[in-house]
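In what follows, a structure is listed as structure tokens, so that the remarks can point back to it.
Every read-out reported here was derived from the displayed coordinates using simple, explicitly stated rules and does not represent laboratory data. This is a predicted model, so every value here is computed, not measured. Here the Cβ is made from the backbone with ideal geometry for all residues, glycine too, and neighbour counts use every protein chain on show.
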Amino acid sequence: MTTASALRMTGISKSFPGIRALSDVDLDVAAGEVHAIVGENGAGKSTLMKVLAGVYQPDKGSIELDGAVVRLADPIEARRRGIGMVYQELNLVPDLTVAENILLGSTPSRLGIVDRRALREQARAVLDELDARIHTDDLVGSLTVSQQQIVEIAKVYAARPKIVVLDEPTSSLSEHETQALFRIIGRMTSAGIAVIYISHRLREVIDVAQRVTVLRDGRLVETRTTSGITAAEMIRLMVGRDLTEVFPKREVEIGDVVLAVHGLSRADAFDDIGLTVRSGEILGLAGLVGAGRTEVARAIFGLDDADAGTIEVDGQAVRIQGPRDAVRAGIAYVPEDRKRDGIVPQLSIKDNISLSVLDRVAVGGWIRPGAERTLAQQKAAELTVSPPAIAPRVDTLSGGNQQKVVFAKWLATKPRVLILDEPTRGVDVGAKADIHTIIGELAAQGTAIILISSELPEVLAVSDRIVVLHEGRIAAELPRGAAEHDVMHAATGEVSS
């Protein structure tokens, strides 16, 4: 490994409305080094890399490439400066060939016509440098996920980058495919390329990286060599804080099983999921990005089909082929992305709240305005939606009040089971407190609640039990009072000691 600095980010800070995403973060990456960045979900890893990629402009701080201060105004400028990004969600054109994807944007031509021979030769040369055995004429859509990953890396490598960022590059790869990727990374670093490696798989970080930077809550915790470090030490650095009373827990009586899921499976998403939730109980569903939490929730609610498994509500088997069946069975779902899946932005507060129960406010197919207005006013008042008027369009509200409208819509169905997917994401502290007050009241009323959150303190503070998913399977079931490192050990596939 060379000692010259390929990248130095100093004092990088970035804020969004109500969120301090990065605070005075430093990152120094040497040419020819594999430098890992680890942290919990929401630690600031993606934001820092988007600053490097020119997607975001930092509020303060500086970026140096090869010792010179630069301003990366946009992704085009970042690429021109030699920064290549390989995101977890691959950016390939499935109907084009491997060669066409690798040289997309710099296709060789003669007299305005694509030079097919030169296209194949140049793409083959890039693949050979990476020791990648993929045919240049194959359609990308016909390749395996691991082969597509290699094509994505080859596309970035063809631009002769100085820095390559790999974001969760092995999330869909087998052990054998991962080792093949590591060999490609070795070839890149041998050529002097600096590789930034972002992964939740801590054993891989130890295997492939020379140094690791740990982020927590948007701040730099420590940068150290991976020589001698253990996965357990990294986990302690990632979660090393005391749980505070940010999310107060309301004590309620827990009753009989309301929801029981047995052997729920969906190919390439999750396998053999079994769980129960009782009346008044809050079951935390924890895991890293890609562990299958949302996929399980969507299957229970009927948004996605399951390949196998059964679901029972109050001891009775229910057949859920879509959300309508789930609602009839007494299941409601507050989705992860409220703007895409939770609200209709152009409609009023009143219209959004009544969407889930139109049969109750309509007669003969005609909506009764008085009944709809009364229902909306009652639910909006219960959840302290601001403004108190129900006429404004939902897209004029704050994020927290939009989320309350989503809650109001589903609470109007009087659910026995409420699934909450990231219920406080993107809302301010005051709205978080309001939402957790609502959750506590629902539990006190006997609602069975499944809580999914990437904010681990939230899961630990309010859950009566925690089920941890790792790569689509249940890795552990932990009691109330479990420590953060216990959850992270299970979520990362490590055995807690």
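Numbers for the structure displayed
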quantity	calculated
Selection from TYR333, SER356, GLY309, by position along the positive dipole direction of the chain (Cβ)	SER356
Given charges at beta-carbon only (K, R positive; D, E negative), |dipole| of the chain in Debye	1280
Spin-label model distance (nm) - THR144 vs GLN321, 7 Å beyond Cα toward Cβ	3.6
Length added when fully stretched, THR10-THR437, from 0.36 nm per residue minus Cα-Cα	149.7 nm
Cβ charges +1 (Lys, Arg) and -1 (Asp, Glu), total dipole of segment 257-491, debye	1020
Nearest 10 degrees, 0 to 90: helix 399-411 Cα axis against the chain principal axis	50
Rg(Cα)/(2.2 N^0.38 Å) for the chain, N = residue count	1.07
Over 27 Å (Cα to Cα) - which of LYS14/LYS409; LYS60/LYS162; LYS60/LYS404 fall in this group	LYS14/LYS409; LYS60/LYS404
Segment 40-95 - charge dipole about Cα centre, Lys and Arg +1 at Cβ, Asp and Glu -1, debye rounded to 20	160
Residue range of the chain that is longest and free of GluC sites (Glu not before Pro) which are both DSSP loop and sparsely packed (at most 12 other C-beta within 10 Å)	254-497
Label zone at ARG224 (point 7 Å along Cα-to-Cβ), backbone N below 11 Å, segment 475-489	none
Gyration tensor (alpha-carbon) shape descriptor, segment 323-403, a/c threshold 1.5	oblate
Theoretical FRET efficiency, 1/(1+(r/R0)^6), r = Cβ-Cβ of HIS135 and GLU64, R0 51 Å, to 0.05	0.80
Calculated FRET efficiency for the pair GLN179/ASN91, C-beta based, R₀ 30 Å, to 0.05	0.80
Rule-of-thumb Rg ratio for segment 8-89 [Cα; 2.2 N^0.38 Å; N residues]	1.05
Angstrom value of the Kirkwood radius, inverse mean 1/r, which spans all Cα pairs in segment 5-239	18.4
The chain, relative contact order in percent, only Cα pairs under 8 angstrom and at least six apart counted	15
Cα gyration tensor shape of segment 220-326, rounded if a/c is under 1.5, else prolate or oblate by comparing a/b with b/c	oblate
Taking only Cα atoms of segment 392-497, radius of gyration then Dmax in Å	15.5, 54
Loop-located trypsin sites (Lys or Arg not before Pro) in segment 22-105 whose Cβ has at most 13 other Cβ within 10 Å (DSSP)	ARG71
Packing-based exposure ordering (other Cβ within 10 Å, fewest first) of ARG266, ARG236	ARG236, ARG266
Long-range Cα-Cα pairs in segment 80-207 (distance over 22 Å), rounded percent	32
Spread of Cα-to-Cα distances over 10 Å intervals beginning at zero, given as percent, for segment 60-129	16, 35, 30, 16, 2
Percent of alpha-carbon pairs separated by more than 22 Å within segment 257-491	51
Length-normalised contact order of segment 414-463 in % [C-alpha pairs under 8 Å, at least 6 apart]	51
Descending Cα extents along the principal axes, segment 280-353, whole Å	38, 31, 28
Cα centroid separation, segment 189-236 to segment 12-34 (Å)	15
Average silhouette area of segment 363-414, convex hull of alpha-carbon atoms, in square nanometres	3.9
Square roots of 5 times each gyration tensor eigenvalue, C-alpha, segment 293-335, largest first, Å	15, 12, 9
Label-point gap, in nm, between ASP115 and GLU77 - each point 7 angstrom along Cα→Cβ	3.3
